[in-house]
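Novice: The following block contains the structure, expressed as structure tokens.
The values are calculated or read from the model by the stated rules, or taken from the named source; none is laboratory data. Keep in mind that this is a model prediction, so the values were computed, not measured. Methodologically, a virtual Cβ is constructed for each residue, glycine included, from the backbone with ideal geometry; neighbour enumeration extends over all protein chains shown. Only protein heavy atoms, including side chains, enter the accessible area calculation; ligands, DNA and RNA are left aside. Shrake-Rupley method; radii C 1.70, N 1.55, O 1.52, S 1.80 Å.
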Amino acid sequence: TEILLNTSNEETAVCNLGSINLKEHTLPGGIDREALRQTICTAVRMLDNVIDINYYPTKEAANANQRHRPIGLGVMGFQDALFIQRIPYGSQAAVEFADAVGEIISFDAISASARLAAERSPYGSYQGSKWQRGLLPIDTIELVQEARGGDLEMDRTCRLDWQPVRQLVREHGMRNSNVM
């Protein structure tokens with residue numbers, strides 16, 4: 001996340017990081033979706049709170065963090081989650097699990113940030129952002145493909161219905177410029 005954040009004379013890129021332990025959200029039959037959703041909602045709220053209570057070593061860091069409110073929600077315990085399900089690490093099933101979990105985390109993190117925007121207002125530089133223009137990260141794959149001259153092979157399967165997330169963002173905006 002940090003490599004994409006703005007740095008200028010007035011802003012030093014800052015990102016507020018958290019990690020979800022997949023092991024704690026995995027059952028032999030797969031992800032405990034409700035437990036994972038609750039953890040993501042809590043993590044997004046807590047990381048957003050950090051922005052307000054943090055100590056900033058420079059004015060430029062404070063400016064960037066408070067204006068864009070970026071958070072980076074990642075994962076740990078991936079191998080443990082595979083082990084619990086008896087999925088071999090190097091298998092196609094592991095790739096599919098990673099893709100499915102990534103989509104769930106993105107879905108729930110974006111939803112949580114949009115709900116926080118309804119409660120607390122969108123981040124300061126929201127106007128003109130991809131979010132404000134209706135582009136979710138899953139939509140920007142097309143932009144990457146265009147930038148690479150059409151050469152981008154990847155599975156673009158969506159397992160979830162993204163319309164409710166799009167509606168939340170359209171209605172409330174986003175509290176955080178980045179969520180993953």
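Novice: Before I look further, what does the range 14-64 give for accessible area per residue, probe 1.4 Å, in whole square angstrom?
Specialist: On the way: 2770 Å² over 51 residues.
Roughly 54 Å² per residue, with all protein chains present.
Novice: Could you check how much of the accessible area of the range 52-111 is carbon and sulfur, as a whole percent, using a 1.4 Å probe? Kindly include the intermediate steps, with their values, before the conclusion.
Specialist: Details: 1790 of 3040 Å².
Ligands and nucleic acids excluded, carbon and sulfur reach 59 percent.
Novice: While we're here: Using a 1.4 angstrom probe on the protein heavy atoms only, could you order 47, 160 from most to least accessible area? Let's see the in-between values first.
Specialist: Working: 47 20, 160 50 Å².
Ranked from most to least accessible, the order is 160, 47.
Novice: Something else about it: How much accessible surface area, in Å² rounded to 10, belongs to the heavy atoms of residue 41 with a 1.4 Å probe?
Specialist: Number for this one is 30 Å².
Novice: Per-residue ellipticity at 222 nm for the chain, helices alone: DSSP H runs ≥ 4 residues times -39500 (n - 2.57), over residue total, nearest 500 deg cm²/dmol?
Specialist: After summing the helix terms and dividing by residue count, I get -15500 deg cm²/dmol.
Novice: Separate question: Any idea of residue 39's accessible area? Nearest 10 Å², probe 1.4 Å.
Specialist: Only protein atoms counted, so the area is about 50 Å².
Novice: Another question, then. If R₀ is 41 angstrom, what is the calculated FRET efficiency for the pair residue 86 and residue 52, using the beta carbon separation as r and rounding to 0.05? Don't jump to the answer; show the numbers that get you there.
Specialist: Numbers: r = 43 Å, r/R0 = 1.05.
Taking R0 as 41 Å, the efficiency between residue 86 and residue 52 is 0.45.
Novice: Against the longest principal axis of the chain, how steep is helix 59-68, in degrees 0 to 90 to the nearest 10, with axes from Cα atoms?
Specialist: So the helix axis and the longest Cα principal axis differ by about 60 degrees.
Novice: I'd like the accessible area for residue 156: 1.4 Å probe, protein heavy atoms, all chains in place, Å² to the nearest 10.
Specialist: Rounded to the nearest 10, the figure is 90 Å².
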